[in-house]
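The values are calculated or read from the model by the stated rules, or taken from the named source; none is laboratory data. Just so you know, these numbers come straight off a predicted model, no measurement behind them. Backbone-built Cβ (ideal geometry, glycine too); neighbour counts: all protein chains shown. Note: accessible area is taken over every heavy atom of the protein model, side chains too, but ligands, DNA and RNA are not part of it. Shrake-Rupley method; radii C 1.70, N 1.55, O 1.52, S 1.80 Å.
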Amino acid sequence: MVGTIVELDVREDLQKKIEPFEKIMNAVKPLQPGDIFILHAPFKPIPLFPIMKAKGFTYEAEQIEKKHWKVTFVKQG
């Protein structure tokens, strides 16, 4: 059974020099074990990985295009 899937694209925010961290944290706050958070970013968001890990997420990052990374975070039980 797949839970809720939340998808967020922060590429435009970053292009406009808007820091998306708060938006990301607000998006993941209500997620329950089994829920999935998909993040689209212009680069591999390495600083985010330990933060998300501490919140109980595993992740998988894939580069789709030169400036498009898709990172799938899964909330663990």
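When the Cα positions of Gly77, Gln15, Phe37 are compared along the charge dipole of the chain, Gln15 comes out farthest toward the positive end, with charges on each C-beta of Lys, Arg, Asp and Glu. For the chain, the relative contact order works out to 34 percent when only alpha carbon pairs closer than 8 Å and six or more residues apart are counted. Taking the chain as the region of interest, the number of lysine pairs whose Cα atoms are within less than 18 Å, with members eight or more places apart or on different chains, is 19. Rolling a 1.4 Å probe over the heavy atoms of the protein chains gives the chain an accessible area of 67 Å² per residue. Of the solvent-accessible surface of the chain, computed with a 1.4 Å probe over protein heavy atoms with every protein chain present, carbon and sulfur atoms account for 55 percent. Within the chain, the ratio Rg/Rh, alpha carbon atoms throughout and Rh by Kirkwood, equals 0.95. Annotation: for a label point projected 7 angstrom from Cα along Cα→Cβ of Glu7, residues of the range 39-62 with backbone N closer than 12 Å are 39-40.
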